[in-house]
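The values are calculated or read from the model by the stated rules, or taken from the named source; none is laboratory data. Computed from a prediction, not measured in an experiment: that's the story for all the values here. Note that we place each Cβ from the backbone using ideal geometry, even for glycine, and neighbour counts take in every protein chain shown. Heads up: the accessible areas ignore ligands, DNA and RNA and are worked out on the full protein's heavy atoms, side chains in. Shrake-Rupley method; radii C 1.70, N 1.55, O 1.52, S 1.80 Å.
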Amino acid sequence: MTLAEKHCVPCEGGTAPLDAERAGELLTQVPGWDLAADGQSIRREFSFKGFYKTMAFINAMAWIANQEGHHPDFSAGFNYCHVTFTTHAIGGLSENDFICAARVNALLES
């Protein structure tokens with residue numbers, strides 16, 4: 001099963017964040033995403049042709065986040081959106097971050 005086919009599992013804390021090796025393995029499945037220097041988040045910058053397309057992307061991303069119960073941090077402007085996923089409850093990365101990244105990537109494939 002691919003990451004985009006999986007669903008997030010609720011995370012209340014008490015579990016360890018992914019180690020660097022596992023994060024690196026999962027990162028290969030989400031093209032365009034980068035691992036932060038501290039290993040606690042993944043980030044991607046998206047570019048669009050104008051404000052409407054940027055907002056359409058943000059709305060679609062918000063729908064995914066609400067469905068999965070796992071929400072990114074993001075900043076946006078006229079033709080860009082910077083997205084960061086991390087699992088705040090554990091202070092680092094979980095598989096949920098990569099599942100959501102894969103689902104966000106799928107928005108651009110359709």
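Computed over protein heavy atoms with a 1.4 Å probe, the carbon and sulfur contribution to the accessible area of the chain reaches 54%. With all protein chains kept in place, the per residue accessible area of the range 1-54 amounts to 71 square angstrom at a probe of 1.4 angstrom. Shown is the FRET efficiency for residue 89 and residue 47, computed with R0 = 30 Å from the Cβ-Cβ distance and rounded to the nearest 0.05: 0.45.
Protection proxy ranking, highest mean first, for peptides 54-67, 9-22, 78-91: 78-91, 54-67, 9-22, where packing is the per-residue count of other beta-carbon atoms within 10 Å, averaged. When the range 2-89 is described by a simple charge dipole with +1 on each Lys and Arg Cβ and -1 on each Asp and Glu Cβ, the residue from 36, 80, 67 located farthest towards its positive end is 80. Within the listed set 41, 75, 94, the Gaussian network model of the chain (springs between alpha-carbon atoms below 10 Å) gives the highest mean-square fluctuation for 75.
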